[in-house]
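The values are calculated or read from the model by the stated rules, or taken from the named source; none is laboratory data. Nothing here was measured: the structure is a model prediction, and the numbers come from that model. Here Cβ is always computed from backbone atoms with ideal geometry, including for glycine, and neighbour counts include all displayed protein chains.
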Amino acid sequence: MDCTSCDSTPKRVDRPHTFFAHEQDACPGCGKPIEARVVFRDNDVVHLIHCTACGPQERTVGKDAAAYVQAFLARGVVPEGLVGDHLFKHTTSTCPGCLALVDAQVVIRKGAVFFLKDCTRCGPSEALVSEDAGYYVRAYAFARAGTEPLKFRNEVEHGCPTDCGTCDDHEQHTCLPIVEVTDHCNLECPICIVDNHDSKHIELATFQRIVDGLVEAEGTCESLAISGGEPTSHPKILELIAIATRPEIGRIVLITNGIRLGKDRAFAQQLKEAGVYIGLQLDGFTPEVHEKIRGRDLCAEKTAALAVIAELELPTQLIFVATRGVNDHQIGQVIELFLSAPHFLSLNFQPVAYTGHGGGKFECDPNDRITIPGIIRRAEEQTAGKLRYTDFFPLPCSHPQCVSLTYLLQLEDGSSVPFARFIDFEKYTTLLRSSATLPATAEVEDALQDVIHDVFARQDEIERGPEILVALRRSLDQMFPRKPLSARDAVQVSERQSKSIFLHHYMDRHDFDLERLRKCCHHYPQIDGRIMPACGFNMFHRGAAKGPDTPRAKFGRAPFSLPVIQ
Amino acid sequence: MGGGLCDGRLALVTGGSRGLGRAICKILAREGARIAFTYARSDDDALAAVAELEAAGAVVSAHKVSVLDKPGLRELVQGLDKSAGKIDILVNNAGFGQVVPLALMEEEDWDQMLDTHVKGAFLTTQAVLRTMVREKYGRVINVSSLAGVKMMQAPVHYATAKAALRGFTESLAKEVGRYGITVNCIAPGILDEGVSEHLPPARREEYLRHCAMRRIGTLAEAAEVVAFLASDRNSYMNGATVVVDGAV
């Protein structure tokens, strides 16, 4: 199975395989204890090991991948009557003090999942990684093979994360490139995940090189996100957009705080004409929320931005960074807003990551934070059941602990119904994708046929079954019209059929998990040609994992290391 | 009964009050199926068919509903679901013959012919298929004609409609085979009763000249093939058109 819309392009003898998890092992050559990648190849269970002394090694540890998965999931069942921690597995995390890579015991405690770490320099530490152990363990059942890019930047020399850029041990291609085009920003957010210095904008030629490099590595990209800093502060932002507007790029998403949009309607109109999608940060609706998260009351600015977006019907993704005790009571409100208008195509919840210029020093209790299941639970509680906990599933093409999602089918009366109410996603995992469109593979076609027939057969039992059939029929008519659609039109038509809610948990020094980084698909392309998995870049390269002036890892390389506009 | 090809199954036969439809009901009943049939016109014919079937020991019900009446078909299927259980076997038999050359064919002739044979099969199948998909079991048999398979002297609209049923059969078989549903088709040649009854003598004679068996067939001979296709004995023939013509 492959991820998203790409075909597998195996380059190495150990592939194709399905990456599953990390396990403790030892090098078959020298016996040195080492963490192995567990992969499924054909039906074999194989440990892939990169030993710095002996090079790449592998060991087959099982002949039945399905049985291995079941046994793995069974390890997440806490014995009845157990008091204390139940060890589920091991992984590699970071010491929150010195950022060194350390072993982490992944334990289940009172229904939640924690990392237990013990740094030889800084001592023990703990971190909550999931508020629902059931969700966490079950997510592994969704693991799916990644897709190789056309080109890796680096060969493995030292192993993950040292060789990043990406190296050919990385388990996923770039689903979403995020290009940071400036470090200027008109806000100083207390939860800022990056490290702005108001010092430089990317040059057009450099940006062109980044886009060319992406196309060379990926062939096509469904989306390209332009970020910053605040990208609308780049003096040549429209020219950057023009550079990225090419047939290989499906859509350009401008990640913005919306301040300029609200003030500059002409600019918003230009974005509309350029076919740009807006990624609007919207973390709440009250002054105190904005003040705590974004540094000042932004109610008026956000209202103005939303008004322009509505007036111009700019296709928009809302981005809500959820922080426990600050704005988690407004999760339902942002969902209601999202459902209220057709130009809101998706909603992205991000449990706050305590990394970056602001986030790295944001006051937090790593044992009492919001995680993906906590947001889903609040979504159910705060929408009177419009959304349910069971409507959400791990996204298989990323690491399944990174992203959770639900799709909502648009019904004729303007309301929507979560796909999970009529699709068994545990059976049809192939339909769980980060993509707005489904590839025309035999596997997807089969799954869709089954879904349609299943709703047809059970329409009286399924909630709003007949209405769902009408909507599915409309979708078919619009997506497969008599006159073929261009690729861009096909994406736009697909987007109008459903909405999506994603929950993406970026990592920080507390909950960093090397296993997750291994399959990261949200990447920061750099001006030196590297394509950096986001959380690895934030942890080891940006120099702000614990706030400003955090020392970089020895292998770390800062962003913007080539000529830029000052 | 017991030991029949269709023991315990519930069969719905459209156009079952007369001709080939009635023969199919009789043979399926003989093979152990419970029978529900539809008819569109004559209550007397339907009552006679019921009487004949019941006399032979069949469990049978007759339902006056057009195969073009979508709500009526839905109601029929729901009613049967409650009173008799899930429909296992569907025979799309409803149709009629009409001898008219293209030069004299009215648009309404065309529409009526295509609607009854093709749209009727579509609407009835769609109404019944829901249950079959859910149950992961079903047998659908469409009654086509040799005129839909071979070049024959037959009215153009009739040949078109019967040929369409072959396409319907093949495409539907592909679409729902994964649910344990087989869809097949029979293509009878000229039979001794039913729509062949009023054929001009010259056509009948020409048929006999080309038929290896030198005789026309019987309704029962065609119905026997339907019974096999409707049974579990046929577990792998799917999307097929079985020609029952004595070798023309």
Any chance you could count how many residues in region A:164-184 are touching a residue at least 60 places away in the same chain (Cβ under 8 Å) and either out of contact with any His (no Cβ under 9 Å at 6 or more places or on another chain) or of a type outside the set (Val, Ile, Thr) (or both)? 14
Could you say which residue among B:233, B:214, B:178, B:166 is surrounded by fewer than 17 Cβ atoms within 10 Å (Cβ to Cβ) and outside any loop (DSSP other than H, G, I, E, B)? B:178
Those residues that are among the β-branched types (Val, Ile, Thr) and under 30 Å from residue A:313 (Cβ atoms), I need them from region A:329-388; list them, please. A:331, A:334, A:335, A:375, A:376, A:383
Which residues, taken from region B:200-228, are among the acidic types (Asp, Glu) and closer than 21 Å to residue B:10 by Cα? B:224
Can you tell me how many residues in region A:154-205 are closer than 14 Å to residue A:538 by Cα, modelled with pLDDT of 90 or more and of a type in the set (A, V, I, L, M, F, W, C)? 6
Filter region A:142-159 down to the residues that are over 21 Å from residue A:403 (Cα atoms), of a type in the set (A, V, I, L, M, F, W, C) and crowded, with 19+ Cβ neighbours inside 10 Å and list them by number. A:152
Give, as residue ranges, the helices (runs of 4 or more DSSP H) completely inside region A:224-317 that count at least 1 residues that are among the polar types (S, T, N, Q), out of contact with any Cys (no Cβ under 7 Å at 6 or more places or on another chain) and surrounded by fewer than 22 Cβ atoms within 10 Å (Cβ to Cβ). A:265-273, A:299-312
Residues in region B:155-172: is at least one within 14 Å of chain A (Cβ to nearest Cβ) and either in contact with a Ser or Thr (Cβ under 9 Å, 6 or more places away or on another chain) or in contact (Cβ under 8 Å) with a residue 24 or more places away in the chain (or both)? yes
What's the number of the condition residue A:375 fails, among (1) part of a loop (DSSP other than H, G, I, E, B); (2) of a type outside the set (Ser, Thr, Tyr); (3) in contact with a Pro (Cβ under 7 Å, 6 or more places away or on another chain)? (1)
Among the residues of region A:510-558, which ones are of a type in the set (Val, Ile, Thr) and either part of a loop (DSSP other than H, G, I, E, B) or under 21 Å from residue A:100 (Cβ atoms) (or both)? A:527, A:550
Sort through B:82, B:86 and tell me the only one that's within 16 Å of residue B:10 (Cβ to Cβ), within 14 Å of chain A (Cβ to nearest Cβ) and in contact (Cβ under 8 Å) with a residue 24 or more places away in the chain. B:86
Quick check on my filter: what residues within region A:89-130 are surrounded by fewer than 21 Cβ atoms within 10 Å (Cβ to Cβ) and either aromatic (Phe, Trp, Tyr) or assigned to a loop (DSSP other than H, G, I, E, B) (or both)? A:97, A:98, A:100, A:110, A:111, A:120, A:121, A:122
Report whether or not residue B:109 is closer than 25 Å to residue B:177 by Cβ, more than 14 Å from the chain's Cα centre (by Cα) and either within 14 Å of another protein chain (Cβ to nearest Cβ) or in contact (Cβ under 8 Å) with a residue 12 or more places away in the chain (or both). no
Subset of region A:321-332, residues surrounded by fewer than 23 Cβ atoms within 10 Å (Cβ to Cβ) and not acidic (Asp, Glu), comes to A:324, A:325, A:326, A:329, A:330, A:332
Considering every residue within region B:130-141, establish whether at least one is in contact (Cβ under 8 Å) with a residue 12 or more places away in the chain, among the polar types (S, T, N, Q), within 14 Å of chain A (Cβ to nearest Cβ) and assigned to a helix (DSSP H, G or I). yes
For region A:486-512, what are the residues that are in contact with a Pro (Cβ under 6 Å, 6 or more places away or on another chain) and of a type in the set (Lys, Arg)? A:509
